[in-house]
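Each remark here refers to the structure printed beneath this line.
The values are calculated or read from the model by the stated rules, or taken from the named source; none is laboratory data. Note that this is a predicted model, so its numbers are computed, not measured. Cβ sites come from the backbone with ideal geometry, for glycine too, and all protein chains shown count toward neighbours. Note: areas computed on protein heavy atoms with side chains; ligands, DNA, RNA excluded. Shrake-Rupley method; radii C 1.70, N 1.55, O 1.52, S 1.80 Å.
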Amino acid sequence: MSYLGIDVGTNAIKAVMIDSSGNIIFEKSIDYKIYFNNCYAEENPYDWINGFKKIMESLPERPESMAFTGQMHTFVITDDYEKPLRNAILWSDFRGHKYSQFLIKKYGLKNLINETGNYPLSNFSLLKLLWIKYNEKQNFKKMKNAFMAKDFVKYYLTGKKSIDVTDASGTYLLNVKKRSWTRIFEHLDIYPEIFGDLNESYDTDSYYDGIEIRAGAGDQEASAIGMGLGPNDLGITLGTSGVVFKLLKEYKIPKNNSLHLFCHAQKNKWHLMGVTQSGALSLKWINSILNLDYKESEKLAMSSDPGSNGILFFPYLNGERSPFNSSTVRASFSGISSGSSRNDIIRSVMEGIAFNLKHVYKEMNQGAEKIVISGGGAESKLLVQIISDVFNKTVYLGNVNSTAYGAALISMGHDVKQDYHEVFEPSQNAALYQELFLKYLRSSSFIRKI
């Protein structure tokens with residue numbers, strides 16, 4: 001028997017097929033376009049559908065079951081028919097940021113956090129829906145349904161409207177503690193039923209051409225399953241964003257409002273999550289500026305000493321979400337001099353990514369014995385080693401496609417023992433990085449006030 005996981009990601013739709021022992025027997029990825037315009041970020045939902053069709057045509061065999069995962073907060077609205085009323089609004093879209101204060105003034109921050117477990121960040125789907133309500137009134141009037149990215153693909157295939165508790169956590173319409181919809185936003189004419197039935201991740205959701213479809217999970221929860229994270233582990237996903245993920249022993253609201261408290265894919269479990277807007281995106285950006293590929297830039301960065309000859313990079317290319325919430329802060333370098341080299345700048349970008357991830361971890365105030373890393377950015381062995389040194393912890397390298405792999409495990413209905421590809425131990429540079437991290441914290445505190 002085989003089991004299929006589909007990840008409707010930010011840049012591509014990816015598939016992983018596994019056998020009953022959890023071994024990968026098929027992988028495929030189909031890229032699509034993101035439409036950027038200032039703080040706007042959108043995608044054509046039919047690009048996801050077309051990518052899915054190409055994947056299904058390429059499968060080596062028919063799966064026993066499948067589960068979907070995908071970019072959280074990204075959503076599509078439709079009328080009574082399946083055709084979207086507009087492009088999908090992505091998780092990284094900041095146009096709804098002003099509605100954060102709107103909700104706080106209307107309901108009170110304490111009431112909002114007690115009800116949802118979270119601060120109303122602009123990335124949450126509700127704030128994007130509010131932007132549509134007040135800026136695209138005709139679309140809002142016509143809206144009958146709303147879907148997370150993965151759930152729109154399922155709806156297209158099956159006609160079943162549904163969402164799981166992990167993705168529902170990211171709508172800001174869920175009482176995360178009770179794992180049920182909240183009703184406090186109804187007089188804004190936004191009702192959680194627009195997202196359909198509410199399921200747990202491992203529940204059977206529907207069937208497609210006789211293939212069982214489980215409810216699935218948001219990308220970070222699926223990735224945690226795919227990385228085999230336990231209660232004493234810290235998960236880091238290096239995708240377009242950078243995600244720091246920690247399972248909780250019990251439901252507990254964090255002190256830092258930029259952190260997310262969400263339902264986990266496993267029943268009656270919750271997790272903390274901090275999301276940086278620019279993870280591996282920072283590497284992609286500097287490489288495009290310098291016209292380098294990843295192998296070239298890594299080789300150059302290795303020629304620079306730890307500390308990048310005094311340069312610090314603050315990776316706030318698209319504003320920041322965690323460890324502090326700001327739609328206006330922007331990336332910057334400090335410490336550049338006439339003696340700085342291209343190699344120093346590239347290495348400082350890698351170090352800045354690692355420092356920012358540790359900043360998120362520090363704000364979580366949660367201990368961890370080891371770190372498991374996955375995502376496309378983990379292909380840079382130098383970056384992974386820098387993270388090990390900055391955190392001063394052992395790092396285990398998981399499957400690059402841990403998100404789609406986690407969805408495949410969900411479709412199978414149980415986990416398997418993880419085999420990590422490589423292990424990175426802190427090097428002699430760890431002590432220096434502890435000092436530089438303190439300098440980074442002091443400087444970042446100044447930068448976000450500018």
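Quickly run through the range 129-155 and pick out the residues that are among the aromatic types (Phe, Trp, Tyr), part of a helix (DSSP H, G or I) and buried (at least 17 other Cβ atoms within 10 Å of the Cβ). First the steps, then the outcome.
Of all residues in the range 129-155, those among the aromatic types (Phe, Trp, Tyr) come to 131, 134, 140, 147, 152, 155.
Remaining after also requiring part of a helix (DSSP H, G or I): 131, 134, 140, 152, 155.
Matches in the range 129-155: Trp131, Phe140, Phe152, Tyr155.
When the residues of the range 160-178 are narrowed to those that are part of a loop (DSSP other than H, G, I, E, B) and in contact (Cβ under 8 Å) with a residue 12 or more places away in the chain, which ends up most open to solvent (accessible area, probe 1.4 Å)?
We begin by selecting, within the range 160-178, every residue part of a loop (DSSP other than H, G, I, E, B); these are 160-161, 170-173, 176-178.
Narrowing further to those that are in contact (Cβ under 8 Å) with a residue 12 or more places away in the chain: 160-161, 170-173, 176-177.
Values: Lys160: 57, Lys161: 56, Gly170: 0, Thr171: 1, Tyr172: 2, Leu173: 2, Val176: 0, Lys177: 124 Å².
Looking at residues that are part of a loop (DSSP other than H, G, I, E, B) and in contact (Cβ under 8 Å) with a residue 12 or more places away in the chain, I get Lys177.
In the range 304-313, is there at least one residue being among the aromatic types (Phe, Trp, Tyr), surrounded by fewer than 24 Cβ atoms within 10 Å (Cβ to Cβ) and more than 16 Å from the chain's Cα centre (by Cα)? Spell out how you get there, then give the answer.
We begin by selecting, within the range 304-313, every residue among the aromatic types (Phe, Trp, Tyr); these are 313.
Subsequent filtering for residues that are surrounded by fewer than 24 Cβ atoms within 10 Å (Cβ to Cβ) retains none.
So far as the range 304-313 goes, no, none of its residues is among the aromatic types (Phe, Trp, Tyr), surrounded by fewer than 24 Cβ atoms within 10 Å (Cβ to Cβ) and more than 16 Å from the chain's Cα centre (by Cα).
Which residues, counting only those in the range 76-99, are in a loop (DSSP other than H, G, I, E, B), free of Cβ contacts under 8 Å to residues at least 60 places away in the same chain and among the aromatic types (Phe, Trp, Tyr)?
Tyr81
Would it be correct to say that Ser223 is farther than 30 Å from Trp285 by Cβ, open to solvent by less than 40 Å² (accessible area, probe 1.4 Å), small (Gly, Ala, Ser) and touching a helix residue (DSSP H, G or I) at 6+ places or on another chain (Cβ under 7 Å)?
Numbers: farther than 30 Å from Trp285 by Cβ: no; open to solvent by less than 40 Å² (accessible area, probe 1.4 Å): yes; small (Gly, Ala, Ser): yes; touching a helix residue (DSSP H, G or I) at 6+ places or on another chain (Cβ under 7 Å): yes.
When the stated conditions are applied, Ser223 does not pass them.
Within the range 321-352, which residues are in contact (Cβ under 8 Å) with a residue 24 or more places away in the chain, in contact with a strand residue (DSSP E or B) (Cβ under 8 Å, 6 or more places away or on another chain) and more than 26 Å from Pro231 (Cβ to Cβ)?
Of the range 321-352, the ones in contact (Cβ under 8 Å) with a residue 24 or more places away in the chain are 321-327, 329, 331-332, 334-337, 339-352.
With the extra rule that they be in contact with a strand residue (DSSP E or B) (Cβ under 8 Å, 6 or more places away or on another chain), the set shrinks to 321-323, 326-327, 329, 331-332, 334-335, 345, 348-349, 351-352.
Selection gives Ser326, Ser327, Val329, Ala331, Ser332, Ser334, Gly335, Ile345, Ser348, Val349, Glu351, Gly352.
(1) surrounded by 24 or more Cβ atoms within 10 Å (Cβ to Cβ); (2) within 20 Å of Arg321 (Cβ to Cβ); (3) touching a Leu at 6+ places or on another chain (Cβ under 7 Å): which one isn't true of Glu363, the others all being true?
Only one criterion in (1) surrounded by 24 or more Cβ atoms within 10 Å (Cβ to Cβ); (2) within 20 Å of Arg321 (Cβ to Cβ); (3) touching a Leu at 6+ places or on another chain (Cβ under 7 Å) is unmet by Glu363, namely (1).
Restricting to the range 198-217, and then to whatever is in a loop (DSSP other than H, G, I, E, B) and either within 20 Å of the chain's Cα centre (by Cα) or hydroxyl-bearing (Ser, Thr, Tyr) (or both), can you tell me which residue is surrounded by the fewest Cβ atoms within 10 Å (Cβ to Cβ)? Please lay out each step first, then the result.
The initial filter retains those residues of the range 198-217 that are in a loop (DSSP other than H, G, I, E, B), namely 200-203, 209-210.
Still in the running and either within 20 Å of the chain's Cα centre (by Cα) or hydroxyl-bearing (Ser, Thr, Tyr) (or both): 200-202.
Numbers: Glu200: 17, Ser201: 27, Tyr202: 22.
Taking the candidates together, the pick is Glu200.
When residues of the range 327-345 are filtered for being over 17 Å from Phe437 (Cα atoms), surrounded by fewer than 17 Cβ atoms within 10 Å (Cβ to Cβ) and hydroxyl-bearing (Ser, Thr, Tyr), how many remain?
Qualifying residue count for the region: 4.
What are the residues in the range 90-128 that are open to solvent by less than 20 Å² (accessible area, probe 1.4 Å), over 20 Å from Thr276 (Cβ atoms) and not hydroxyl-bearing (Ser, Thr, Tyr), if any?
Matches in the range 90-128: Leu103, Leu112, Gly117, Leu126.
For the list (1) in contact (Cβ under 8 Å) with a residue 24 or more places away in the chain; (2) open to solvent by less than 20 Å² (accessible area, probe 1.4 Å); (3) part of a loop (DSSP other than H, G, I, E, B), I need the number of the one condition that Gly230 fails.
(1)
Out of the range 255-303, which residues are part of a loop (DSSP other than H, G, I, E, B) and either of a type in the set (Val, Ile, Thr) or crowded, with 22+ Cβ neighbours inside 10 Å (or both)? Even if it seems obvious, please write down each step before you answer.
In the first step, residues of the range 255-303 are kept if they are part of a loop (DSSP other than H, G, I, E, B); the result is 255-259, 264-269, 277-279, 291-293, 303.
Within the range 255-303, Leu259, His264, Ala265, Gln277, Ser278, Gly279 meet the criteria.
Any residue in the range 179-200 that's within 14 Å of Thr78 (Cα to Cα): show its pairings with residues that are open to solvent by 10 Å² or more (accessible area, probe 1.4 Å) and among the aliphatic types (A, V, I, L, M) at Cβ separation under 8 Å, as long as the two are six or more apart or on different chains.
Going by the 8 Å Cβ cut-off, the qualifying pairs are Ile194/Met143.
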